[in-house]
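**Student:** Structure provided below as structure tokens; questions to follow.
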Amino acid sequence: MDERLQQYNHKMQKSFDNLMEEFGSIRAGRANPHVLDKLRVDYYGAPTGLQQVANVSVPEPRMILIQPWEPSMVKAIEKAILTSDLGINPTNDGKVIRLVFPELTEERRKELAKDVKKKGESAKVAIRNIRRDANDNLKKMSKSSDISEDETKSLEDEVQKLTDKFIANVDKAVDEKSKEILTV
């Protein structure tokens, strides 16, 4: 790949990685500890990631067990979960917190699948915007005679191939996540 296009490849990869990160936080019926990744707990006045104050494990397919390093953190973790958009009520026994994920209803599965498609569309728009920036940059270089017209055309073709590759990856990821969500 041409080194002038390397930065656009990197930006497209970042957009795709961001989408995959978002997909990780969408729960699909079974317990996934990544749904807690964005959760912040008040740890002595500082918002801290849950993984830094507790051990998170999945003992059963639909349960997450959160074991704080310090027993005094149980209330703060419980409060963070209740104020988050997880929609799950934590149960605690004073030492550990359990999150039991209910079976998803058909309606909720369809809602989640729509959300996945929306996130996929947003990622594709971001990738297309990167393509537009790359093409604009190539046209500027061509006008200022930094590169020839033939070179511009071949680089634009490379940018299009790159865009097609990432859009196909996004479509594949959306299909896989939708299948995972809709599987009962």
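The values are calculated or read from the model by the stated rules, or taken from the named source; none is laboratory data. Not measured: the values here are computed from a predicted model. So basically every Cβ, Gly included, is an ideal-geometry build from the backbone, and we count neighbours across all protein chains shown. When the accessible area is computed, the model is the full protein with side chains, heavy atoms only, and any ligands, DNA or RNA have been set aside. Shrake-Rupley method; radii C 1.70, N 1.55, O 1.52, S 1.80 Å.
**Student:** Starting from the residue with the highest accessible area, list Glu21, Glu60 in decreasing order, probe 1.4 Å. Please list the in-between numbers first.
**Tutor:** Values: Glu21 125, Glu60 100 Å².
Per-residue accessible area, sorted high to low, gives Glu21, Glu60.
**Student:** Once the Cβ-Cβ distance between Ala46 and Asp171 is put in as r, and R0 is 25 Å, what FRET efficiency do you end up with, to the nearest 0.05? All intermediate terms of the calculation are to be shown ahead of the outcome.
**Tutor:** Numbers: r = 41 Å, r/R0 = 1.62.
The value I calculate is 0.05.
**Student:** Right, here's the next one. Taking 22 Å as R0, compute the FRET efficiency from the Cβ-Cβ separation of Lys117 and Glu21 and round it to 0.05. If you can, show how the numbers build up before the last one.
**Tutor:** Working: r = 17 Å, r/R0 = 0.77.
With a Förster radius of 22 Å, E is 0.85.
**Student:** Counting only heavy atoms of the protein chains, get the accessible area per residue of the chain (1.4 Å probe) and round it to a whole Å² value.
**Tutor:** Details: 11080 Å² over 184 residues.
Value for the chain: 60 Å² per residue.
**Student:** Near Lys179, which lysines are there with a Cα under 19 Å away, not counting those fewer than 8 places off in the same chain?
**Tutor:** Lys110, Lys114, Lys117, Lys118, Lys119
**Student:** With Rg and the Kirkwood Rh both taken from Cα atoms, where does Rg over Rh land for the chain?
**Tutor:** Numbers: Rg = 22.1 Å, Rh = 19.2 Å.
In the chain, Rg relative to Rh is 1.15.
**Student:** What longest range of the chain stays clear of loop-exposed chymotrypsin sites (Phe, Trp or Tyr not before Pro) (DSSP non-H/G/I/E/B, at most 12 other C-beta within 10 angstrom)?
**Tutor:** On the way: sites that count: Tyr44, Trp69.
Between the exposed loop sites, the longest stretch runs 70-184.
**Student:** In terms of modelled amide H atoms, which long-range or inter-chain residues lie less than 5 Å from the amide H of Ala31?
**Tutor:** Arg62, Met63
**Student:** Right, something else. When the C-alpha atoms of the stretch 48-127 are aligned to their principal axes, what extent does each axis show, in angstrom, from largest down?
**Tutor:** 45, 29, 22
**Student:** When every alpha-carbon pair in the stretch 1-106 is counted, what percent end up more than 21 Å apart? Please report the intermediate quantities before stating the final value.
**Tutor:** Details: 2395 of 5565 pairs.
Everything past 21 Å amounts to 43 percent.
**Student:** Further question on the same structure: Among all helices in the chain defined by DSSP H, which have a length of 15 Å or more along the axis from Cα atoms plus a Kyte-Doolittle mean of at least 0.0? Write out the running numbers ahead of the final one.
**Tutor:** On the way: long enough: 6-24 (27 Å, -1.49); 106-143 (55 Å, -1.59); 149-182 (49 Å, -0.96).
TM-like helix candidates: nothing returned.
**Student:** Out of the total accessible area of the chain (probe 1.4 Å, heavy atoms of protein only), what percent is carbon and sulfur?
**Tutor:** Details: 5520 of 11080 Å².
Taking all protein chains in place, the chain shows 50 percent carbon and sulfur surface.
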